[in-house]
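Peer 1: The structure under discussion is supplied below as structure tokens; questions concerning it will follow.
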């Protein structure tokens, strides 16, 4: 199963969902696809005949979907990327871009580039790279992600004391 998530932004991310739908129609994606679409206007009866769509759900359900997925396709949100990496999942990330009014700036592009460059995920700069990213995902072994949260908390506590 492939889990696609666009997060909970108040802005649309139709481009990603449309590209996933196109790749399913063209036989490039044959797995079951569950997509968390948030505020994106994308309907099963009009836009997608091939994906199971969820607007919003609980954090527990998102965690279960990530855990049960073989592959995560996500926007460039740090929380989703890290949560997926912590569950040892393969991640393809496509950033929301300011020029399409998908976000207020292009910080997701920087996030995706950094995680991709470090070997944690397969990052693309746009939806047009998704097909190649899917091909690459077949043999991709992500670098193990180790959080620095414990060190950060320790330093913070030591600076307060």
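Coordinate-derived values only; no laboratory data. Bear in mind the structure is a predicted one, so any value in this text is a computation, not a measurement. When we count neighbours, we look across all protein chains shown, and the Cβ atoms used for this are built from the backbone with ideal geometry, even at glycine.
Peer 1: Per Stokes-Einstein, at 10 °C and 1.306 mPa s, what whole-number D in µm² s⁻¹ belongs to the range 59-105, with the Kirkwood radius over Cα pairs as the hydrodynamic radius?
Peer 2: The Stokes-Einstein estimate is 140 µm²/s.
Peer 1: Sum -39500 (n - 2.57) across every DSSP H segment of at least 4 residues in the chain, then divide by the residue count to get the 222 nm mean residue ellipticity, nearest 500.
Peer 2: -11500 deg cm²/dmol
Peer 1: Name the residue, out of 106, 70, 139, whose mean-square fluctuation peaks in a Gaussian network model built on the chain with Cα pairs under 10 Å.
Peer 2: Evaluated over the chain, the most mobile residue of the options is 139.
Peer 1: In addition: Quick check: Cα centre of the range 5-44 to Cα centre of the range 45-83, how many Å?
Peer 2: Value for the Cα centre distance between the two parts: 9 Å.
Peer 1: By how many nm would the segment from residue 101 to residue 118 lengthen if fully extended, with 0.36 nm per residue of separation less the alpha-carbon distance?
Peer 2: Taking 0.36 nm per residue and subtracting the Cα distance, the gain is 3.4 nm.
Peer 1: Which value in nm describes the separation of the simple spin-label points at residue 31 and residue 10, placed 7 Å from the Cα toward the beta carbon?
Peer 2: A separation of 3.3 nm, rounded to one decimal place.
Peer 1: For semi-axes √(5λ) of the Cα gyration tensor in Å, several values are listed as (1) 22, 19, 15; (2) 27, 17, 16; (3) 49, 24, 15; flag the one computed from this structure.
Peer 2: Step by step, semi-axes √(5λ) of the Cα gyration tensor in Å for this structure corresponds to label (2).
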